[in-house]
Amino acid sequence: RLIDQTKVGAESNRLCRRSPYTSTIPYQFIQLFRRETAIMWGSRYTLAFRTAYQLIFAAIVGALFNQLPETADGAFLRSGVLFFALLFSSLVAQAEMVAAVSGCLVTYKQKSMSMFHPGVLALVQTVADMVPNLITIGLFSLILYEAAGLAQTAGQFFAFLLFLLSGCLCLTAMFRLI
């Protein structure tokens with residue numbers, strides 16, 4: 001009964017009476033997106049340090065794989081560059097587990113108070129991570145790809161970038177799920 005009285009506000013005409021939540025899904029998405037961007041802005045120095053760390057690491061590893069032979073001997077090493085890039089992205093994504101575990105209690109409390117749906121929170125976190133991850137993974141892949149001397153075509157580079165970006169986003173979402 002208390003929840004029905006709180007639904008009488010501005011959004012009562014769009015919210016189903018049987019819904020346990022006090023606001024619509026789009027409103028929850030907007031509010032959670034604002035909160036996630038504020039959290040990211042508050043930890044901008046951590047994000048900048050993580051990006052700088054990845055760029056330095058890409059330069060070092062790219063220098064290790066520089067001037068690979070064009071024969072079959074170099075094919076195994078080039079696949080090692082691709083494997084390393086995905087492995088490193090997944091390890092960086094695994095660092096998200098600390099934030100996900102520390103935010104679990106807040107998520108459960110908000111769900112019990114019918115404030116936000118946990119599925120909307122997961123979607124917002126994935127969407128909010130796209131821009132920082134695109135910048136970080138884009139610079140990381142550009143430096144690693146050029147330093148390792150892989151094929152110098154735009155199509156192959158963007159396939160490499162798309163593979164790393166999708167892998168990083170999927171693994172970040174998976175680690176948050178756990």
Cβ-derived FRET efficiency at R0 30 Å, Ile39 paired with Ala59, nearest 0.05: 0.55
Neighbourhood net charge (14 Å Cβ-Cβ; Lys/Arg +1, Asp/Glu -1) for Ile135: +1
Pairwise label distance in nanometres, Ala52 with Thr24, each label 7 Å out on the Cα-Cβ vector: 4.4 nm
Net lengthening on full extension, Glu70/Leu134 (0.36 nm per residue, minus Cα-Cα): 20.0 nm
Segments 137-150, 158-171, 46-59 sorted - mean Cβ within 10 Å per residue, highest first: 137-150, 158-171, 46-59
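Each reported figure results from applying straightforward, stated rules to the coordinates on display, with no laboratory input. Just so we're clear, the structure is a prediction, and the values are computed from it rather than from any experiment. Cβ coordinates were reconstructed from backbone atoms using ideal geometry, including for glycine residues, and neighbour counts include every protein chain displayed.
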